[in-house]
1. Given the options Leu51, Leu99, name the one that is out of contact with any helix residue (DSSP H, G or I) (no Cβ under 8 Å at 6 or more places or on another chain) and of a type outside the set (Ser, Thr, Tyr).
2. Evaluate the following for Val93: is it within 19 Å of Thr24 (Cβ to Cβ) and either within 15 Å of the ligand (Cβ to nearest atom) or among the hydroxyl-bearing types (Ser, Thr, Tyr) (or both)?
3. State whether one or more residues within segment 88-106 are more than 20 Å from Ala21 (Cβ to Cβ), small (Gly, Ala, Ser) and modelled with pLDDT of 95 or more.
4. Select from segment 50-83 the residues that are in a helix (DSSP H, G or I) and away from the ligand (no atom under 13 Å from the Cβ) and list them in ascending order.
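The values are calculated or read from the model by the stated rules, or taken from the named source; none is laboratory data. Keep in mind that what you see is a predicted model, and the values were worked out from it rather than measured. Here Cβ is always computed from backbone atoms with ideal geometry, including for glycine, and neighbour counts include all displayed protein chains.
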Amino acid sequence: MNKRSMNKPFSNEIPKTFRVAGMTHTVVFEKHKHGDSGFGEVTYPDNKIVLFAAMDGVPICRDQMIQTFWHEATHAILQAMGEGELNRNEKFVCCFSSLLNELMQSAETYLIGEEVEQ
Ligand SMILES: [Zn+2]
């Protein structure tokens with residue numbers, strides 16, 4: 001196993017933008033939670049995810065912020081799939097996004113072109 005195969009590029013990163021079904025989504029941070037939107041929210045007309053940095057003055061920890069990103073990204077994916085009923089099923093969204101987050105957090109990656117031993 002070489003150093004490259006130990007790379008975990010997803011473990012400490014949240015994208016600024018990403019694409020789902022040809023649509024660019026943006027991710028922004030806001031200092032304070034507002035309304036009843038939990039730790040984050042996604043809006044579809046503008047394809048924007050907002051992640052809150054604090055709730056009631058208490059900073060939101062890194063792990064929660066990353067999980068919230070995957071939760072909102074799952075909503076964006078389901079919206080793009082036209083899966084409105086599934087998208088409103090918060091139990092499904094929470095479970096699926098948690099599993100996706102775990103996969104991304106634990107993934108070790110190849111650099112394309114270096115995946116086959118010479
Ligand atoms: Zn949700």
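1. Leu99
2. no
3. So far as segment 88-106 goes, yes, one or more of its residues are more than 20 Å from Ala21 (Cβ to Cβ), small (Gly, Ala, Ser) and modelled with pLDDT of 95 or more.
4. The answer is Arg62, Asp63, Gln64, Met65, Ile66, Ala80.
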